[in-house]
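The values are calculated or read from the model by the stated rules, or taken from the named source; none is laboratory data. None of these values were measured; they are calculated from a predicted model. We place every Cβ from the backbone using ideal geometry, glycine too, and count neighbours over all the protein chains shown.
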Amino acid sequence: MKDILAVVGAITVVLAFIKLLFEVIPKLNSFRADAYSAISRKIRHKNLKKRAIASDIENVVNNSVAYFRSELPAGWVRRVRIQWVQSESSDDLEEGELILRMRPLENQDTNLMNGIYYFFTEALFPRVKEVIPRIPRKAAVLQLSRRAILRNHPYVTREFEKGYLDPAIKEEPDTAYYLGRYETLDQRGFFTSVFIREVADLADRVRYSEKRSQITDDLTAILEHIVTFIQSSPDAPDDDLWYRRSGTSSYGFLLVARPLSRRTEIYVKRANYHIQNNVSRLYVLGANQEKAFVKRVIKHIANRTRYTLVELFESNRDYRGEAGGICAIFDLTASQQQADRVIEEFFEAPEQG
C-alpha cells in the first residue's frame, strides 16, 4: 500500500511540475521575445543615430538657419545641439534649452526637415511662447522653416510641404490663412522685420493683463494692417495706413526709396509726422542698393528727432520685394543709446560670404 501511495505521490509531483512548466515556458518565451525586441530596438536606434551623425545633420541644420541671425531679434538664433533619442515629444522640444531632442530616422532628408522645423519651434518667441496663440505661432514656424529649406535644400521642399504644411492645414484650416498672409509679408521684407517683432512685443505687454484675452484679435489686426499697406504700394498709401495705433500697439513705417535728390529732409519731416501722431515705434525700411543714402537717413533721424535708435539689421528682402533690405527701428519710449556707434558698427561691418 505504501508503495502504491509513493508511486501516486511521485506521479502527482511530476504532473505538477509539468503543469508548472507549461505555465512558465510561455512566460519565458514572452520574456525572451521582449528581451530580443528591446535589444533589437536599441541596436536599430544606435545604427540610425550613427547614420544621422555621419550625415552631419546637426551642422547642416545649424548652417541652414544661421543666416536668420541677421534678421531675427538678437539672441533668438543660437547654435543648437541635437540629442538623438529613441522617442521624443513636443514638450521636450519646447523646454527653452539649446538642445533638440530628436528620434533618428533612416531617411536623412526627414532628419534634416525635422531638425529645421524643431529649431524654429524652439527659437521663435522665447519667453512668450505660451502667450501667443498656437495656430499663428505654428504658422510662423512653418513659414520660416519652408524659407530655410527653399534657400538651402530646395530638393526637399515638396516633401516638407506634404509632410508638414498639408497636415497642419488639415488639422487646423486657419493655418492656411496665416501662411498666405505671412508669405505676402515675407516677400516684401515685413515678416521678420516688422510683424515678428510687433507680435513679440505685444505678447510681452499683455502677458499679465486683461488684454491678453484679446491677443488673437490684436495680432490679426496688425497682420491685416501690414498686408493692406503692402497691397497699397507702390502707389502712395493713404496717410492713415502709414501707422497704426491701438490700446496695445503703436508703430509706423518710413520707406527709404531711391531718391530724386540726395536730400534727407523729407524723411526727417516724415519721422516727425509720426511723432506728432504719437507713434511709439518707427520702422525705417530701405534697400541695400541705396546703402549709403539709407545710412544718412538713419543718422539724421537719430540726431534730429526725438526717436531713439534701438535696432539696426538686415532683412531677406526690401519693401519692394528685391533681395536684401535694411531695417532700422526707432522708439520714442526707449532710453537713449549711442546711436552713432550702432550705425557705424552695422554699416562698417565686413560683408558675410
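Based on this model, can you work out whether Arg320 counts as closer than 21 Å to Tyr182 by Cα, in the same structural domain as Glu348 (by TED's automatic domain parsing) and either modelled with pLDDT of 95 or more or not polar (S, T, N, Q) (or both)? So that I can check it myself, show each step before the final result.
Details: closer than 21 Å to Tyr182 by Cα: yes; in the same structural domain as Glu348 (by TED's automatic domain parsing): yes; either modelled with pLDDT of 95 or more or not polar (S, T, N, Q) (or both): yes.
It is true that Arg320 is closer than 21 Å to Tyr182 by Cα, in the same structural domain as Glu348 (by TED's automatic domain parsing) and either modelled with pLDDT of 95 or more or not polar (S, T, N, Q) (or both).
Just one residue in the set Glu198, Glu224 is outside the structural domain of Asn114 (by TED's automatic domain parsing), under 27 Å from Ala323 (Cα atoms) and in contact with a strand residue (DSSP E or B) (Cβ under 8 Å, 6 or more places away or on another chain); that residue is Glu198. When you scan segment 97-120, how many residues do you find that are under 23 Å from Thr175 (Cβ atoms) and in contact with a Lys or Arg (Cβ under 8 Å, 6 or more places away or on another chain)? Within segment 97-120, residues that are under 23 Å from Thr175 (Cβ atoms) and in contact with a Lys or Arg (Cβ under 8 Å, 6 or more places away or on another chain) number 1. When you scan segment 228-239, do you find a residue that is assigned by TED's automatic domain parsing to the domain that holds Ser209, aliphatic (A, V, I, L, M), under 30 Å from Ser213 (Cβ atoms) and in contact (Cβ under 8 Å) with a residue 24 or more places away in the chain, even just one? Among the residues of segment 228-239, at least one is assigned by TED's automatic domain parsing to the domain that holds Ser209, aliphatic (A, V, I, L, M), under 30 Å from Ser213 (Cβ atoms) and in contact (Cβ under 8 Å) with a residue 24 or more places away in the chain, which makes the answer yes.
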